[in-house]
Amino acid sequence: MKIFSGIQPTGQIHIGNYLGALKQWVELQEKNECIFCIVDLHAIASPYDPKKLQDLILEKAIAYMAAGVDPAKSIVFVQSEVKEHTELAWLLNTVTPVGDLSRMTQYKEKAKKFEKNLNAGLLNYPVLMAADILLYKTEMVPVGEDQLQHVELTRTIAKKFNLRFGETFKIPEAHLPKIGAKIMSLQKPEKKMSKSDSPESFIGLFDEPEIIREKISRAVTDAGKSIKYNPKLKPGISNLLAIYSVFSGLQIKEVEKKFHGKGYADLKKQLAALLVLKLETFRRKRKELLQREVYVKEILKQGAKRAEVIAQSTMQDVKKKMGLI
Ligand code: AQP
């Protein structure tokens, strides 16, 4: 199966990004044709520092590989290095209803956040995402729950294009993990964990042990004492239980049983210990890769070349269908 997914280079990769996206990528790359992108063109739609962008991009390539993405199995590249992404995005804009774009939850949230300085890039973000996906005739998109709506819109855009210009794109499916599709903020457990929030609201994939312990000990919990999974009534504890469940491989019910009769402090202590242990390999691999900058840059260069070949072939087809050549 053909698979495409990406992460924005802004901020620090957190365990939400790992469980929603990266962990699935690592599993899927074993038996599929995978393309994993660092989507820098998406990142520039929100305020950012141009001087820091290249470092953040390299950091994300290192993060992908430290988490287990294998460049021998998957194509890894930077979005802006394959110009067909922006070219296809413009063409897809012409079949995308503005009404659909303005109804996107992420757009509505960003529109509130950047009320005084709202750029058209934030509205058109899902069209570029559709181009990223459709350019590679993708069949499956492994993402977290927050991106489900954008994949749905990609499907709509692909169908509209196929109907108007003839069968061109495969209709991709989103692929969500069973648990971990939406990890919540440690500080506001009714909100998803986000790179752009304050550092104490997320566990970075490479956070040092003492930082992990501190962030988990400060995580917001709920009224009462029982350790029960109930996201509506106990969002804080439920989030901690979900994180424990995915990193331990135990079912939520089994985790509840393990902590039956114990206090919130016990759960936090053991969760912190589990995370320190499970993230250790990632921290070590990242430190190794930080010493191999030239090698990582070469991976990205080769990745872009391979992606470009596929992208150019799709663009030829799209342009022919649209009467542009
Ligand atoms: N909290 C989450 N739980 C599970 N999956 C998540 N993802 C993001 N947050 C969670 C998934 O991670 C991938 C990368 O996302 P992105 O970089 O495109 O940006 P995002 O979805 O907007 O993620 P962030 O962390 O919240 O970034 P900012 O703060 O920069 O907007 C996607 O597959 C996403 O579903």
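Quick notes
- Test result for residue 54, in contact (Cβ under 8 Å) with a residue 40 or more places away in the chain and surrounded by fewer than 18 Cβ atoms within 10 Å (Cβ to Cβ): no
- Consider segment 4-25 and keep the residues that are more than 8 Å from the ligand (Cβ to nearest atom) and open to solvent by 30 Å² or more (accessible area, probe 1.4 Å). The one that is nearest to residue 52 (Cα to Cα) is 12.
- Members of segment 197-228 found to be within 19 Å of the chain's Cα centre (by Cα) and surrounded by fewer than 14 Cβ atoms within 10 Å (Cβ to Cβ), listed by number: 198
- Cβ pairs under 9 Å, 6+ apart, first in segment 18-39 and without any contact (Cβ under 8 Å) to a residue 40 or more places away in the chain, second within 10 Å of the ligand (Cβ to nearest atom) and polar (S, T, N, Q): none
- Enumeration of residues in segment 229-250 that are of a type in the set (A, V, I, L, M) and open to solvent by 40 Å² or more (accessible area, probe 1.4 Å): 233, 250
- Unique match (being touching a Lys or Arg at 6+ places or on another chain (Cβ under 8 Å) and more than 14 Å from the ligand (Cβ to nearest atom)) among 171, 157, 183: 171
- Of the residues making up segment 108-131, those that are surrounded by fewer than 17 Cβ atoms within 10 Å (Cβ to Cβ) and aliphatic (A, V, I, L, M) number 3.
- Output for segment 91-123, where each listed residue is part of a helix (DSSP H, G or I) and touching a His at 6+ places or on another chain (Cβ under 9 Å): 106, 121
The values are calculated or read from the model by the stated rules, or taken from the named source; none is laboratory data. Owing to the predicted nature of the structure, the values given are computational and were not obtained by experimental measurement. Quick reminder, even Gly has a Cβ in these numbers, built from the backbone with ideal geometry, and neighbours come from all protein chains shown. These accessible areas exclude ligands, DNA and RNA; they are computed on the full protein's heavy atoms, side chains included. Shrake-Rupley method; radii C 1.70, N 1.55, O 1.52, S 1.80 Å.
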